[in-house]
1. If you check every pair at least six apart or on different chains, which have Cβ atoms under 8 Å apart with a residue in the range 107-128 that is more than 19 Å from L8 (Cβ to Cβ) first and a residue that is among the charged types (D, E, K, R) and not in a loop (DSSP other than H, G, I, E, B) second?
2. So which residues in the range 1-36 are polar (S, T, N, Q), part of a helix (DSSP H, G or I) and open to solvent by 60 Å² or more (accessible area, probe 1.4 Å), if there are any at all?
3. Can you go through M86, M183, M146 and tell me which one is open to solvent by less than 30 Å² (accessible area, probe 1.4 Å), under 19 Å from T27 (Cβ atoms) and part of a helix (DSSP H, G or I)?
4. Could you identify the single residue in I133, I166 that is exposed (fewer than 13 other Cβ atoms within 10 Å of the Cβ) and touching a residue at least 12 places away in the same chain (Cβ under 8 Å)?
5. I'd like to verify a number: residues in the range 97-121 that are on the phi > 0 side of the Ramachandran plot and in contact with a helix residue (DSSP H, G or I) (Cβ under 6 Å, 6 or more places away or on another chain), how many?
6. Select from the range 149-163 the residues that are without any contact (Cβ under 8 Å) to a residue 24 or more places away in the chain and either aliphatic (A, V, I, L, M) or not in a loop (DSSP other than H, G, I, E, B) (or both) and list them in ascending order.
7. Can you work out which of the residues in the range 62-72 that are open to solvent by 70 Å² or more (accessible area, probe 1.4 Å) and either part of a loop (DSSP other than H, G, I, E, B) or in contact with a helix residue (DSSP H, G or I) (Cβ under 9 Å, 6 or more places away or on another chain) (or both) is farthest from V106 (Cα to Cα)?
8. Which condition does V79 not pass, out of (1) without any contact (Cβ under 8 Å) to a residue 12 or more places away in the chain; (2) surrounded by 18 or more Cβ atoms within 10 Å (Cβ to Cβ), if it passes all the others?
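The values are calculated or read from the model by the stated rules, or taken from the named source; none is laboratory data. Bear in mind the structure is a predicted one, so any value in this text is a computation, not a measurement. For neighbour counting, all protein chains shown are included, and Cβ atoms are generated from backbone atoms with ideal geometry for every residue, glycine included. Note: accessible area is taken over every heavy atom of the protein model, side chains too, but ligands, DNA and RNA are not part of it. Shrake-Rupley method; radii C 1.70, N 1.55, O 1.52, S 1.80 Å.
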Amino acid sequence: MNKLQLILKGIVKENPVFVLLLGMCPTLATTSSAINGMGMGLATSAVLILSNMAIATVASQIPAKVRIPAYIVIIATFVTMVQFLMQAFVPDLYDTLGLFIPLIVVNCVVLGRAEAFASKNSVFHAMLDGAGIGIGFTLALTVLGMVRELLGAGAFFGTKILPEGITLFILAPGAFIVLGYLMVLFNKLKR
């Protein structure tokens, strides 16, 4: 598989949100706005790329009995780094996302890619896989946040463009409704 195919696979063919249905907790909880969705997607992408690279580097040295706990420690290290960087440079976004940043450690998108791909491939291919899955995750969360924000608050990336919205779309039921319709649309376009 060439480099471009590896990246595109994560964006389209194996999109974590619209195809694999992974990471639904942050997907539904943090996408009440486009900025929140993009912020969560970028934070997860950074952790995904870095942890994939680190795991690909050390996977052959980790005994099978402690493989998953070792992966979690590696992922937690990068989550902590991302958390500190967000606190320092984007404190408002960090405050908004709150508890969901530390929960990246156990996000099945990150742990799943570590186990399924990074541990079995080269550092370079693990990085490309992390980038593709990360871009796919970020795009999905951003689009979901854009639609929910537009329908629910009448805004686009925080800028009011409609006089009012339908509050339901900012709430949890709205997340499920919009996600369902976007999944149908994505899968029709994918064909």
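1. E115/R67; S119/R67
2. Of all residues in the range 1-36, those polar (S, T, N, Q) come to 2, 5, 15, 27, 30-33, 36.
Going one step further and asking which of them are part of a helix (DSSP H, G or I), we end up with 5, 27, 36.
Listed by number, the list holds a single entry, Q5.
3. Only one candidate qualifies: M86.
4. Exactly one of I133, I166 is exposed (fewer than 13 other Cβ atoms within 10 Å of the Cβ) and touching a residue at least 12 places away in the same chain (Cβ under 8 Å), namely I166.
5. Total satisfying the criteria: 0.
6. From the range 149-163, those without any contact (Cβ under 8 Å) to a residue 24 or more places away in the chain are 150, 154, 159-163; that's our starting set.
Hits for the range 149-163 are L150, T159, K160, I161, L162.
7. Among them, the one singled out is P63.
8. (1)
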